[in-house]
Amino acid sequence: MKKSWIIIGVIILLVVVLFSWTKGTYNGLVKAEEKVNKSWADVEGAYQRRTDLIPNLVSTVKGYAKFEQETLIKVIEQRAAATKPTINIDPAKLDANTLAQFQKTQDELGSALGRLLVTVEKYPDLKANQNFLQLQAQLEGTENRINVERRNFNGLVNEFNSTLRSFPTNILGGMFGFEKKPYFEAQAGAENAPKVEF
């Protein structure tokens, strides 16, 4: 009789330990994934800030650069493409393809914006305009924020992926459908804020 109670006690203890480990591991993966999701929202927020600055910049430049309509139109088109609802990514469904598409769209917007700022060189009055100087400073600050948020995102993705791939967490992660998250891979040199000299 005592043996059967001991066996039952050991089985109950094993079940409690296994349940505690499963619960702790699952909750750890959920928390790590939520950190990645929150970090992605920060990345999108930084890009959105840049997108929000563009209309003011275009308006300021438009008054001076009357003959640069093609450049202005390209910036406006790229901004529209970057703010399409299909470009916004649900972080729970983050995969390499959607992240690459988002990145491509943002890179194209950055390139068009860079061309616009280079065009400003032809207009000394615009370069001295206080509104333009403030917008330029805000844009440079925003580019730095984007870089910081991308680095933070990649750090949290690294942490999540490392945890997910570690044994025995990988078994439990696979059972509950957790998947590896893609890294934000910038183009060569994109990790540095563009330098615009006026």
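The values are calculated or read from the model by the stated rules, or taken from the named source; none is laboratory data. Quantities reported herein were computed from a predicted structural model and do not represent experimental measurements. Counting neighbours? That spans all protein chains shown, and the Cβs are built from the backbone with ideal geometry, glycine included.
Summary of values
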item	result
Test: residue in region 106-121 that is under 20 Å from TYR183 (Cβ atoms), at pLDDT below 80 and in contact with a helix residue (DSSP H, G or I) (Cβ under 8 Å, 6 or more places away or on another chain)	no
Any hit, region 154-162, residues being of a type outside the set (A, V, I, L, M), within 30 Å of LEU117 (Cα to Cα) and modelled with pLDDT of 90 or more	yes
Residues being under 10 Å from VAL61 (Cα atoms) and in a helix (DSSP H, G or I) - total across region 111-130	6
Tally, over region 1-44, of residues that are of a type in the set (Lys, Arg), farther than 25 Å from PHE184 by Cα and surrounded by 10 or more Cβ atoms within 10 Å (Cβ to Cβ)	1
Counted residues, region 122-153 - those being touching a helix residue (DSSP H, G or I) at 6+ places or on another chain (Cβ under 9 Å), among the charged types (D, E, K, R) and either at pLDDT 85 or above or buried (at least 18 other Cβ atoms within 10 Å of the Cβ) (or both)	4
Cβ-Cβ under 7 Å pairs, at least 6 apart or on other chains, region 132-150 side among the basic types (Lys, Arg), far side at pLDDT below 90 and not in a helix (DSSP H, G or I)	ARG150/PHE184; ARG150/ALA186
Candidate set: region 165-187, residues that are within 18 Å of GLU34 (Cβ to Cβ) and more than 20 Å from the chain's Cα centre (by Cα); chosen: the one surrounded by the fewest Cβ atoms within 10 Å (Cβ to Cβ)	GLY177
Matching entry among VAL30, VAL36, VAL15, VAL43 (being more than 30 Å from the chain's Cα centre (by Cα) and assigned to a helix (DSSP H, G or I))	VAL15
Positions within region 72-105 being assigned to a helix (DSSP H, G or I), modelled with pLDDT under 85, among the charged types (D, E, K, R) and closer than 22 Å to ASN37 by Cβ, in sequence order	LYS93
Verdict on PHE184 being of a type outside the set (Asp, Glu) and modelled with pLDDT of 90 or more	no
